[in-house]
Amino acid sequence: MTAARVRLGAATVALALAAALAGCTAAQPAPTTSASASAGDHVPQPSTTVRGSEVSATPAGDPTCEKIIPQTTVQTFADTGWSSREELFYVGNVELPGGIQCTWGDPKVPSDQVQLFGWAPATPELIAAAKKELLDAGAGWTEFDEGGATYITAGKDMIMNPDDQGYGMTYRFDKDQITVADTKQGLLLVEWPPTG
């Protein structure tokens, strides 16, 4: 991904899907969004390179928006004036206890340029329920297996600004956790608990 690439469409999809799928009744209000962004808007583009030296040996407490992604990404967002809004992690009406969903953006500027990351521990029953929720939504979600994990990604009609591989909002299902990002490549940034 290049730093100049504007992720307007993915952000729009992320907000729309986060609102539609989240089913959240969180106390925090949804961000104000606009249908388009000005040409001068800058969207920070964190590297999706899998990190090694940034991973601590043991988890430091509960997951937070600042901990589930690399510190270099957090710093890139902070340098741009972005902060995170933390919410419970829902997949449709399925709540994932112990999970966290984070929307990163500039809270002072009404814009749909945001980035979404989420992580939750999951049992096989929760994974099955979350998959069913997405696939039964009838919105073109597609399931596939890759690298030992199952992915469910947004249908082509929902993707306005795909990543380099053509994917929009994507969920990853591992044997004991679920992650989400506004693109499949963005999932590379989500890692919790840290590994040693």
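The values are calculated or read from the model by the stated rules, or taken from the named source; none is laboratory data. Because the structure is predicted, anything quoted here is derived from the model rather than measured. In this analysis, Cβ positions are derived from the backbone assuming ideal geometry, glycine residues included, and neighbour counts consider all displayed protein chains. The protein model used for the area step is the full one, side chains on, heavy atoms only, and it has no ligands, DNA or RNA in it. Shrake-Rupley method; radii C 1.70, N 1.55, O 1.52, S 1.80 Å.
Going by the conditions given, is Pro193 more than 30 Å from Thr80 (Cβ to Cβ) and either touching a residue at least 40 places away in the same chain (Cβ under 8 Å) or outside any strand (DSSP E or B) (or both)? Considered against the rule, which asks whether it is more than 30 Å from Thr80 (Cβ to Cβ) and either touching a residue at least 40 places away in the same chain (Cβ under 8 Å) or outside any strand (DSSP E or B) (or both), Pro193 comes out as no.
Within the stretch 116-169, being part of a loop (DSSP other than H, G, I, E, B) and among the hydroxyl-bearing types (Ser, Thr, Tyr) holds for Thr123, Tyr167. Of all residues in the stretch 61-70, those that are at pLDDT below 95 and open to solvent by 60 Å² or more (accessible area, probe 1.4 Å) total 1.
Within the stretch 74-115, restricting attention to residues that are touching a strand residue (DSSP E or B) at 6+ places or on another chain (Cβ under 9 Å) and polar (S, T, N, Q), the residue that is surrounded by the fewest Cβ atoms within 10 Å (Cβ to Cβ) is Ser83.
Scanning the stretch 145-156 for residues that are over 15 Å from the mean Cα position of the chain (by Cα), open to solvent by less than 50 Å² (accessible area, probe 1.4 Å) and under 22 Å from Gly99 (Cβ atoms) turns up Ala149, Thr150.
Would you be able to say whether some residue in the stretch 131-144 is open to solvent by less than 10 Å² (accessible area, probe 1.4 Å), in contact (Cβ under 8 Å) with a residue 60 or more places away in the chain and in contact with a helix residue (DSSP H, G or I) (Cβ under 7 Å, 6 or more places away or on another chain)? No: the stretch 131-144 contains no residue that is open to solvent by less than 10 Å² (accessible area, probe 1.4 Å), in contact (Cβ under 8 Å) with a residue 60 or more places away in the chain and in contact with a helix residue (DSSP H, G or I) (Cβ under 7 Å, 6 or more places away or on another chain). Restricting the stretch 157-190 to residues that are open to solvent by 40 Å² or more (accessible area, probe 1.4 Å), among the acidic types (Asp, Glu) and in contact (Cβ under 8 Å) with a residue 24 or more places away in the chain, the residue that is farthest from Gly118 (Cα to Cα) is Asp164.
Table: residues versus (1) within 21 Å of Ile178 (Cα to Cα); (2) at pLDDT below 95.
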| position | (1), (2) |
| --- | --- |
| Thr72 | no, no |
| Gln75 | no, no |
| Thr80 | no, yes |
| Glu86 | yes, no |
| Val91 | yes, no |
| Cys102 | yes, no |
| Pro121 | yes, no |
| Lys132 | yes, no |
| Glu143 | yes, no |
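If the condition is being within 19 Å of Thr64 (Cα to Cα), part of a loop (DSSP other than H, G, I, E, B) and among the small types (Gly, Ala, Ser), then the stretch 77-115 contributes Gly81, Gly98, Gly99.
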